[in-house]
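Since every read-out is calculated from the coordinates, none of them should be taken as a lab result. No experiment lies behind these values; they were computed from the predicted model shown. Here the Cβ positions follow ideal geometry from the backbone for every residue, glycine too, while neighbour counts run over all protein chains shown.
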Amino acid sequence: MHADQYNPAQQEVVTLLGAPREARPEFDPGLRDELRDHLEARLEPLIAPIESNDFDGDNLFLSKYMLSQVLGCERKFLAERSEPFSWSPPIARGTVMHKAIELSVHWRGESSPLVLVDEAMASLANADKSIGDYLTTCSESERAELRAGTSAAMTQFLECFPPLKAAWRPATESPIRASLLEDRIVLSGKPDLTLGQPDGAVAGKVIIDFKTGGFSPTHREDLRFYALLEALRILPPRLLATYYLDQGRIHSEEVTHDLLLAACERVIDGAHRYVELVGGTRQPGVAPGPSCRWCPVQLDCDEGTEYLEGAYEGVPGDW
Ligand code: SF4
């Protein structure tokens, strides 16, 4: 596709994500060791409680999701933590969507959102993963709901995002992991999409997450967490972007040294809270908000009930 064939939404993405080498930031090659040393020094006091009998397991795994949960409502975090994970159409939609995007990069000839989604679901059903079990055993209505929701999101993606070229080195759900303190604490994440790569000490990668619905500060924090993981792995990305599919809008943020230090502080805070809550040395606090709507203990929570009734002083019902 030539530049003059992009629609305005696609052109906005191309303009934002493209940058000549001289416009890209350069980072100190020693930054990865600096960040690791900083994190390990502040997380080291957690090793004894993690190794104690009061903690469930010998390691602490922190994902983007876990961090946002533990730094949100602590009571909800503990309640959901005791529930076993199960797939559902809304949860499976992201995984199917990422597979469909991956297929779209290498698809030869014309494709349609529904064809890509069907191929993605067929591929995942044959994969040796838990989503494969789900896709082969879910009910017909769940399958239809998943297919409809994912193809709608895929339609928005293909309309608004420029076709991904192999030369941009696109990677979907590529896992990133940082092992700290001899594997006692592990940070892990899977960005929806990454483009580009570093060139020496010059940053070149862009990390993109796709969302539906409105802006939330958590979306920005999620991407900063990924930036930290990339910085610990090789070199920081140059840009973080959240793409709001139903609005055709992109929110972006340049990666800086200060941003990475802020991401470190959030990880340190989250890890300490996690260990204290799970080890029973911290009483869980409550933080009423929109997520009270799907909280498993909402019926027993006065603060959450008041919030949902619109009576929680000072907190607007923002949905
Ligand atoms: S209802 Fe709301 S405030 Fe209460 S525990 Fe759940 S999320 Fe927290």
Along the charge dipole of the chain, pointing to its positive end and built from +1/-1 on Cβ of Lys, Arg, Asp and Glu, which listed residue (272, 170, 5) has its Cα farthest out? 5
Given a Förster radius of 22 Å and the C-beta distance between residue 137 and residue 112 as r, what FRET efficiency does 1/(1 + (r/R0)^6) yield to the nearest 0.05? 0.20
Stretched out fully, how many nm does the piece from residue 37 to residue 215 gain, at 0.36 nm a residue minus the Cα gap? 60.8 nm
Post the alpha-carbon centroid distance, the range 138-160 to the range 33-77, in whole angstrom. 35 Å
Quick one: grab the alpha carbon gyration tensor of the chain, order the square roots of its eigenvalues as a ≥ b ≥ c, and give me rounded if a/c is under 1.5, else prolate or oblate depending on whether a/b is larger than b/c. oblate
5 Å is the cut-off here: which amide hydrogens, built 1.01 Å from N in the peptide plane, fall below it relative to residue 255, excluding neighbours closer than 5 in sequence? 239, 240
Net charge over other residues, Cβ less than 12 angstrom from the Cβ of residue 34 (K, R count +1; D, E count -1): -2
Residue-span extension gain [residue 246 to residue 130] - 0.36 nm each, minus C-alpha spacing: 38.9 nm
About its Cα centre, how strong a charge dipole does the range 1-106 have in debye, to the nearest 20, once Lys and Arg get +1 and Asp and Glu get -1 at the Cβ? 540 debye
Which loop-located GluC sites (Glu not before Pro) does the range 46-129 contain, where loop means any DSSP state but H, G, I, E or B and the Cβ has at most 14 other Cβ atoms within 10 Å? 110
Spatially proximal aspartates and glutamates relative to residue 165 (Cα-Cα < 12 Å; intrachain offsets below 8 disregarded): 102
Applying 1/(1 + (r/R0)^6) with R0 = 41 Å to the Cβ-Cβ distance of residue 294 and residue 179, what FRET efficiency is obtained, to the nearest 0.05? 0.80
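Mean residue ellipticity at 222 nm from the helices of the chain, using -39,500 (n - 2.57) per DSSP H segment of n ≥ 4 over the full residue count, to the nearest 500 deg cm²/dmol?
Values: 12 runs with 150 residues, N = 319.
About -15000 deg cm²/dmol.
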Considering amide H positions built from the backbone, and no H for Pro or chain starts, which residues 5 or more places from residue 60, or on another chain, come under 5 Å of its amide H? 185, 186
Say a site is exposed when it is one of the trypsin sites (Lys or Arg not before Pro), sits in a DSSP loop, and has at most 15 other Cβ atoms within 10 Å; what is then the longest site-free stretch of the chain? 166-281
Computed over the chain, the relative contact order (Cα-Cα under 8 Å, seq sep at least six) in percent reads 23 percent
Prolate/oblate/rounded label for the range 204-297 (Cα gyration tensor, a/c 1.5): oblate
Given axes a ≥ b ≥ c from the Cα gyration tensor, I'd like to know whether the range 1-55 is rounded (a/c under 1.5), prolate (a/b larger than b/c) or oblate. oblate
Loop chymotrypsin sites (Phe, Trp or Tyr not before Pro), the range 20-87, which have at most 14 other Cβ atoms in a 10 Å radius of their Cβ (DSSP): 85
Estimated distance in nm for a label pair at residue 123 and residue 305, the labels positioned 7 Å out from Cα along Cα-to-Cβ: 4.9 nm
